[in-house]
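The structure appears right after this line, and notes come after that.
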Amino acid sequence: MSVSHYPAVSFDQTVRRHTLSVIVDNEPGVLSRIAGLFSGRGYNIESLTVSETEAEKHISRITIVTSGSEKIIDQIKNHLDRLVPVHRVVDLTLQGESIERELALLKVVGKGDHRMEALRLATAFGARTIDATVTSFVFELTGATDDIERFIKVLGPCGLAEVSRTGIAAMARGSEVM
Amino acid sequence: MSEMMTGAEMVVRALRDQNVEHLFGYPGGAVLPIYDALFQQDFVKHILVRQEGGAVHSAEGYARSSGKVGVVLVTSGPGATNAVTGLTDALMDSIPLVCITGQVPTHLIGSDAFQECDTVGITRSCTKHNYLVKRIEDLPRILHEAFYVASNGRPGPVVIDIPKDIQFAKGVYSRPKDNQHKTYRPTVKGDLSKIKAAIDLMSKAKRPVFYTGGGVINAGPHASALLRELVHLTGFPCTSTLMGLGAFPAADKQWLGMLGMHGTYEANLAMHGCDVMINIGARFDDRITGRIDAFSPGSRKIHVDIDPSSINKNVKVEIPIVGDCAHVLEDMVRLWRELSPQVDKPALKSWWGQINEWRGRNSLGFQNSDTIIKPQHAVQRLYELTKGRDTYVTTEVGQHQMWAAQYFHFEEPNRWMTSGGLGTMGYGLPAAIGVQLAHPKALVIDIAGEASILMNIQEMSTALQYRLPVKIFILNNEYMGMVRQWQELLHGGRYSSSYSEALPDFVKLAEAYGSHGIRCSDPAKLDDAIMEMIETPRAVIFDCVVAKEENCFPMIPSGKAHNEMILNDFTGDTKTVIDAKGRELV
């Protein structure tokens, strides 16, 4: 007999990243209910965004990026789905191709060459300059997470001082709606 | 039909419209308006408990024994925090409750006011759902919605936190509607194609077993009747979890007894050796599976559960069926009758032969004594002497609970109330009070331990106040027996803080609470003493002095598989049966 005990080993343990769209009643505490589910059961949240999408029906859309084995992802979806204020849970990763975008604000502080280099990079990445002083810029970039991370990386040596990111908003491609 | 009334009046009116006859509670500053409204009517009877924790357990006992929603009313702050254990207990065991908590007035919320706490924050993870009512316009809907959410889908506790100003505010009341929540619609009908696949798998089984749980009880007496029909139709053996006892009659030939950590040899080995497992309303809890990577290695599994998140949580199954047990069982019985499949009779015969061989081990056998009462014997005598009566049993948590599950046999559902998932000591007495209120004529017995009973002993006053003749049968071994047993098995017999020192004289304690006390330590006098308890028309505390260091066997030691049980005739060293890895488990 082997000496291994709990937990189960009969499941596929490969960890994958999934993007979930969750339609919820916009009522007090709903976000905390969802965040509490993740912390209480030991699941990861990599990104979470929430905003009301249909004001007259008090409906919000939450986009969660999480990672786990197939079993864990199924559990996460089932646990989300059984929350009373949750209407629907869709796994965009399983649905096929989806669009994922986030927005970042990046502040660069400095003078001289660094400053000019930062501006050139911003142009190359298609970022907008939304604030400028003699010693600083604030850029806005919208794009896939990879683009934003690349931009952050190259901007680092040019005096990048502050980053604010929204987290991911996502949607399936094609005519299908949630 | 709409009427103007205050929020407090709405609460009482909604309880009436939801057919709530009994309400368990304790008053305080933030619920005074509701208590005032209760005072001015006599449909809803308020049962005053002695601590809010008792109120929740009483409501659980009431709900579990009657199939109705249990209702609790407590004040803000400590009233709400005292209710937390009971709410968690109800969540783990899927008991439908509505718990109304008072809250400081809306304008004081967040100011650290007197007796303020973040009730919805604290109870978010220990309720199925909860509400903070901020507008009087929402109150009638939320009240009715709470009952709907508590009792539909997988049942559970729901908290409604009502600030005091909302209780005074006036608004328009509305009556309950069907489908009270705008979107919450749990699946009750199982997917027919999956049910068909399940029937097909069952019909080809060579070594099948039914493994049933509390979900069958929660689906109502009809589900138990259907389970019996299906088990008889198929001729398969049937075992059950702690929570499911009574759904299938213990006197039936196809009954294997309870399974799991303290289950019978035949039930656990049937689970280990089966080729088709039919799980109806159970959740592959760790008390059931034991070592999970060695759990029932050769079987294909069917799992019927109303909660999709219970499926594939601990054990991967081949045929998951999401739905209410009663609905799915009905389809299964109908399909089985329609198809009347040819089962593999020789294979089933040899399977039963194997099971009968396991039964021959008599795993619940124990060494009885003439000089000292063995706890197993005490429960056996209690069972024999109450047979044929209208009996309900509650328990506390520990060895006595397992002995009750092993030696007290249940023929009907809703007769057995115990804290399974959370394992809450102190559950039994308040639960018995709730059961007795729901069944005033019945014999209600709390099988207790001397340590557990002291956790909510104050509820004796409640029993006295409402003249509830509950019987408390204490298996007194002067130890927190299960803690002691684990210390023997895991920690070299160093009984750290598990000896029940400075116990009260339970006979005098009974008398102090205006009830009757009995003590018995002589096996020869046990039957007469039990009869005296049964025939006493008021509450009784029975101090049954039993063997001190009896272990609760059979047992699957933690970290071991079903086929590695230790039995009553175990002769090895109990201190070495659990290895280092197993010790980390609970």
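The values are calculated or read from the model by the stated rules, or taken from the named source; none is laboratory data. Please read these numbers as outputs of a predicted model, since none were measured by experiment. When we count neighbours, we look across all protein chains shown, and the Cβ atoms used for this are built from the backbone with ideal geometry, even at glycine. Only protein heavy atoms, including side chains, enter the accessible area calculation; ligands, DNA and RNA are left aside. Shrake-Rupley method; radii C 1.70, N 1.55, O 1.52, S 1.80 Å.
Which whole-number percent is the relative contact order of the stretch A:98-172 (Cα, under 8 Å, 6+ apart)?
51 percent
Can you give the relative contact order of chain A as a percent, counting alpha carbon pairs under 8 Å and 6+ residues apart?
25 percent
Return the aspartates and glutamates within reach of B:K441: Cα separation strictly under 14 angstrom, same-chain partners fewer than 8 residues apart disregarded; answer none if there are no such residues.
B:D390, B:E535
So with the 1.4 Å probe, I'd like the accessible area per residue for chain B, rounded to whole Å².
Roughly 37 Å² per residue, with all protein chains present.
Where the Cα atoms of chain A are projected onto their three principal axes, how long is each span, largest first, in whole Å?
Each principal axis gives a Cα extent; for chain A these are 66, 55, 32 Å.
In whole percent, and with a 1.4 Å probe on the protein chains, what portion of the accessible area of the protein assembly as shown is carbon and sulfur?
Roughly 52 percent, rounded to a whole number.
Quick query: amide H of B:H129 versus all other amide H atoms, modeled in the peptide plane; which residues come in under 5 Å with a sequence gap of 5 or more or a different chain?
Amide H neighbours of B:H129, under 5 Å, 5+ apart: B:V159.
Set the Förster distance to 22 Å, then compute FRET efficiency between B:L503 and B:M531 from the Cβ-Cβ distance, nearest 0.05.
So the FRET efficiency works out to roughly 0.30.
Which one of A:E56, A:E140, A:E100 has the biggest mean-square fluctuation once chain A is modelled by GNM with Cα springs under 10 Å?
Per the Cα network of chain A with a 10 Å cutoff, A:E56 tops the list.
Report, largest value first, the span of the C-alpha coordinates of the stretch A:132-178 along each principal axis, in whole Å.
Largest to smallest, the principal-axis extents are 48, 20, 14 Å.
Tell me the relative contact order for chain B as a rounded percent, counting alpha carbon contacts under 8 Å between residues six or more apart.
14 percent
Would you compute, for the Cα atoms of the stretch A:98-172, the largest minus smallest coordinate along each principal axis and list the three values in descending order, in whole Å?
Answer, in whole Å and largest first: 44, 17, 17 Å.
Non-local amide H neighbours of A:T53 (under 5 Å, H modeled in plane, Pro and chain starts lacking H): which ones?
Those lying under 5 Å, H to H, from A:T53 are A:I59, A:S60, A:R61.
Provide the per-residue ³J(HN,Hα) series for the stretch A:47-53, in order, calculated from phi with Karplus coefficients 6.51, -1.76, 1.60 and θ = phi - 60°, each as a whole number of Hz, with x at glycine and proline positions.
7, 9, 10, 8, 7, 5, 10
Which value in deg cm²/dmol, rounded to the nearest 500, describes the helix-derived mean residue ellipticity at 222 nm for chain B, given -39,500 (n - 2.57) per DSSP H run of n ≥ 4 and division by the residue count?
Roughly -10500 deg cm²/dmol at 222 nm, from the helical runs in chain B.
Using the heavy atoms of the protein chains alone and a 1.4 angstrom probe, what is the accessible area of the stretch A:16-91 per residue in square angstrom?
With all protein chains present, the stretch A:16-91 gives 42 Å² per residue.
Using only the Cα atoms of the stretch A:16-91, what semi-axes does the equivalent ellipsoid have when each is the square root of 5 times a gyration tensor eigenvalue? Give whole Å, largest first.
Semi-axis lengths for the stretch A:16-91 are 21, 12, 11 Å.
Do any residues of the stretch B:122-136 lose at least 30 Å² of accessible area when the full set of protein chains is present rather than just their chain alone, and if so which, with a 1.4 Å probe?
Hits at the 30 Å² cut-off: B:R124, B:H129.
Taking chain A as a Gaussian network, where each spring joins two C-alpha atoms under 10 Å apart, which residue of A:V22, A:V109, A:V134 fluctuates the most?
Looking only at A:V22, A:V109, A:V134, the biggest GNM fluctuation is shown by A:V134.
Ignoring ligands, DNA and RNA and using a 1.4 Å probe, state the total buried accessible area between A and B in Å², rounded to the nearest 100.
Buried surface at the A/B interface: approximately 2400 Å².
So which residues in the stretch A:49-91 end up with at least 40 square angstrom less accessible surface once the other protein chains are there, compared with the chain by itself, probe 1.4 angstrom?
Buried on complex formation: A:Q75, A:N78, A:R82, A:V84.
For a Förster distance of 56 Å, can you work out the FRET efficiency between the beta-carbons of A:E140 and B:K170, rounded to the nearest 0.05?
The calculated FRET efficiency here is 0.65.
So, in nm, how far is label B:R519 from label B:S496 when the simple model puts each one 7 Å beyond its Cα toward the Cβ?
Here the modelled spin labels are 3.2 nm apart.
Can you give the accessible area per residue of the stretch A:98-172, in Å², using a 1.4 Å probe?
About 56 Å² of surface per residue is accessible.
Could you sort the residues of the stretch B:269-294 by number and keep only those whose accessible area is reduced by 10 Å² or more in the all-protein-chain setting relative to the chain alone, 1.4 Å probe?
Correct list: B:D286, B:G290, B:R291, B:I292, B:D293.
If you wrap a convex hull around the Cα atoms of chain B, how much volume per residue is inside, in Å³?
Here the figure is 154 Å³ per residue.
Given the C-alpha atoms of the protein assembly as shown, compute the convex hull and give its volume per residue in Å³.
203 Å³
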